Amino acid sequence: MNEALQKAAHLLARASCVVAMTGAGVSVASGIPDFRSPGGLWDRYDPMEVASARALARSPRRAWEFLLDAIAVIGPARPNPAHLALARLEAAGKLAGVVTQNIDGLHQAAGSRNVVEFHGGLGRYFCNGCGRDHDPARAPALTAADIPWLCRDCGGVVRPDIVFFGEAIALDALTKSGQLALAADLILVAGTSGEVAPANLLPREVKARGGAVVEINLVESAYKGLSDVTIAAPAEIALPALADLALS
């Protein structure tokens, strides 16, 4: 790992604009299992039955049963050394921003300022009918007797501002992530398998324009053959070590 870290730090030092792209692996050390991993939420739920636009419309209680479980896991989580390392790099002017596929808000909690939540986040709730915003502080206190959470104005279903299956990525997220990728000459990929589109296209866009790809992943990803450097280590170990080298 040391040789890969040294090579990655050298590439970071040479780069004029670095962007990070993160996935579920970055938050595992915070106690949030990857939904797709054994024991994750998709072991207990069919995502199309509970986390799709169709499910929200036709089976809102079932969708909210899943959401209660997700909130129970994500709510108590705190940033781990991987999140803190990226915040350090940004504060030092070494990182232009983070594009994350995670909905947990831990990058912001760690101090990162320029964060694009590609799939939305649990920091905002709104009515799926009239669009009225609702207090996110209420969500963790909801019980099985309170769901589905209904809007007191129109009776519509209240939902988190996340991208359900069957919904389009928000234009703002697409625009901002595209701008970051267009400016970057190095993308730091951490904790993502690279299987979920269209977020998985960002490293390929950077590479196609002659930029470098540094990957931190415990297991082989879809970026095999694309990455200039692959660090096979947990994000919470590799990212702080890389930040130390880059900032020394």
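The values are calculated or read from the model by the stated rules, or taken from the named source; none is laboratory data. Keep in mind that what you see is a predicted model, and the values were worked out from it rather than measured. All Cβ positions, glycine included, derive from the backbone under ideal geometry; neighbour counts span all protein chains shown. Remember, those area values only see protein heavy atoms, side chains included, never the ligands or the DNA or RNA. Shrake-Rupley method; radii C 1.70, N 1.55, O 1.52, S 1.80 Å.
General observations
- Annotation: cysteines of the chain without a disulfide-compatible partner (Cβ-Cβ under 4.7 angstrom) are 17.
- Nearest-ten-degree value, helix 2-14 long axis tilted from longest Cα axis of the chain: 90
- With a cut-off of 20 Å on the backbone N, the residues of the stretch 67-98 near the modelled label site 7 Å out from residue 16 along Cα-Cβ are 90, 92-98.
- Largest-first ordering by accessible area, 1.4 Å probe, given options 219, 158, 163: 219, 163, 158
- Per-residue extension of 0.36 nm, minus the Cα-Cα distance of residue 92 and residue 195, leaves a gain of 34.0 nm for this segment.
- Of the listed residues 62, 36, 132, the order by accessible area with a 1.4 Å probe, largest first, is 36, 62, 132.
- Of all accessible heavy-atom area on the stretch 11-164, the percent that carbon and sulfur account for (1.4 Å): 50
- Considering only 184, 198, 127, the residue lying farthest towards the positive end of the dipole of the stretch 123-248 is 127, judged by Cα position with unit charges set on Cβ.
- Amide N of the stretch 144-187 lying under 20 Å from the label point, which is placed 7 angstrom from the Cα of residue 130 along Cα→Cβ: 147-161
- Residues in the stretch 120-135 that a label on residue 167 would reach, taking backbone N under 15 Å of a point 7 Å out along Cα→Cβ: 120-134
- Note that the chain presents 46 Å² accessible area per residue, ligands and nucleic acids not counted, probe 1.4 Å.
- Computed E for residue 49/residue 137 - FRET, C-beta separation, R0 25 angstrom, nearest 0.05: 0.30
- Taking GluC sites (Glu not before Pro) in DSSP loop conformation with at most 12 other Cβ atoms inside 10 Å as exposed sites, the chain has its longest uninterrupted site-free stretch at 1-194.
- 24 Å Cα-Cα reach of residue 94 towards lysines, excluding residues that sit fewer than 8 places from it in its own chain: 7, 176, 207
- Theoretical FRET efficiency, 1/(1+(r/R0)^6), r = Cβ-Cβ of residue 205 and residue 144, R0 35 Å, to 0.05: 0.20
- Per residue, the chain reaches -10500 deg cm²/dmol at 222 nm when only DSSP H runs of four or more residues are counted, each adding -39500 (n - 2.57).
- Angle in degrees between helix 171-183 and the longest Cα principal axis of the chain, rounded to the nearest 10: 0
- DSSP assigns beta bridges within the stretch 1-158; of those with both partners inside it, close to 35 percent run antiparallel.
- Helix axis angle, 235-247 relative to the chain longest principal axis, alpha carbon, degrees: 40
- Heavy-atom accessible surface of the stretch 177-248: percent carbon and sulfur, 1.4 Å: 56
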